[in-house]
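First the structure, in the form of structure tokens, and then the observations on it.
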Amino acid sequence: SLPLLKEAAVLMQKSSDWQGAGFAYGNLVIAYLGIKQPSKAASALKLADVMCKKSGDKLSLAAFLQSKGAYSTYIKDYSTALKSYSVSSRTAKEIHVQEIVTDNLLSISEMYQQKGDAAEALKYFKMYSFTKDSVMRASNVASIADLQLKYETEKKDSQIRALINSKLKSERGRYYVIGNVIAVILLLFVAIVFFFRLKGNYSERLQFLLTIRRQVNHQREKAIDLFTPILPDRASKPVLTSDLQ
């Protein structure tokens, strides 16, 4: 982890992320103490202090003091360690970061255990356990609240989607009815136009046939008049003489 932490710290410094660089150097302090290199841990702690001051925020200060407490415990400077953990916890409470407070209680308990004070170690360990349980309970309550909120939100979303779908179906149904009505009206219009056109053609053809009929009747009457024989008693004179007959 050491080369990765070093690279992260350098990159955060280059990007002026002083808080992130302070966290990285603080983690380097813990890593060097883990492999028993207090001199390198001291160098990393100095750099963490510089980054903390550049950052100027309380979270960076609380994290830096945690690292300082761990280093002081390692070198058996217990008074400095206790002071560092106490100020770190107070600062973390001001910004409502309960996890740092919990971690500090455990570190203080381990510090007293290293010092040989079992009673104080047990006292702080009980405080740590109680605080951790409180944090877990609060976290569980928050989780339940989040789940409840998520459930209510999803329920509302589902209801809204159902309402939208219902409205869309209603709109589609209305459009379907309107479309059918328009289609029927168009069909009726076409039928009426076609009917009157046929009616007009029928009238024209009927007039034509009636005219022909009148002409035929007239010609027939003329033919009848022409070819009907004239009776002797009605004739003014003989139609044919005996010689002509």
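The values are calculated or read from the model by the stated rules, or taken from the named source; none is laboratory data. Fair warning: this is a prediction, and the values are worked out from it, not measured in the lab. Note that each Cβ is placed from the backbone with ideal geometry, even for glycine, and that neighbours are counted across all protein chains shown. Just the protein is used for accessible areas: all its heavy atoms, side chains included, with ligands, DNA and RNA removed. Shrake-Rupley method; radii C 1.70, N 1.55, O 1.52, S 1.80 Å.
Structural remarks
- Three-way shape label, region 63-123, alpha-carbon gyration tensor, a/c 1.5: oblate
- When 14, 68 are compared by accessible area at a 1.4 angstrom probe, the order from most to least is 14, 68.
- For residue 204, the accessible area of its heavy atoms, probed at 1.4 Å with every protein chain present, is near 130 square angstrom.
- When the residues 55, 39 are ordered by accessible surface, computed with a 1.4 Å probe over the protein chains alone, the sequence from largest down reads 39, 55.
- Annotation: average projected area of the chain is 35.5 square nanometres, based on the convex hull of Cα atoms across all directions.
- Counting only Cβ charges, +1 for Lys and Arg and -1 for Asp and Glu, the dipole size of the chain around its Cα centre is about 400 debye.
- About its Cα centre, the dipole of region 1-92 is roughly 180 debye, where the only charges are +1 on Lys and Arg Cβ and -1 on Asp and Glu Cβ.
- Centre separation in Å (Cα based) which lies between region 173-197 and region 32-47: 90 Å
- Area accessible to solvent at residue 218, 1.4 Å probe radius, in Å²: 100 Å²
- Region 59-131 and region 8-24 have their alpha-carbon centroids 25 Å apart.
- Fluctuation leader among 184, 50, 101 - the chain, Gaussian network, Cα springs under 10 angstrom: 184
- Under 29 Å of direct C-alpha separation, and excluding same-chain neighbours fewer than eight residues apart, residue 40 reaches these lysines: 6, 14, 53, 54, 58, 68, 76, 83, 115.
- Measuring only protein heavy atoms, the 1.4 Å probe finds residue 243 accessible over about 150 Å².
- Fraction of accessible area attributable to carbon and sulfur, the chain (%, probe 1.4 Å): 62 percent
- Volume per residue of the C-alpha convex hull in region 31-143, rounded to whole Å³: 105 Å³
- The largest accessible area among 164, 100, 95 belongs to the first residue in 164, 95, 100, and the rest follow in falling order (1.4 Å probe, all chains).
- Dividing the summed -39500 (n - 2.57) terms of all DSSP H runs of n ≥ 4 by the residue count of the chain sets its mean residue ellipticity at 222 nm at -31000 deg cm²/dmol.
- Each principal axis of the Cα cloud of region 142-194 was evaluated for its coordinate range; sorted largest first, these ranges are 76, 6, 5 Å.
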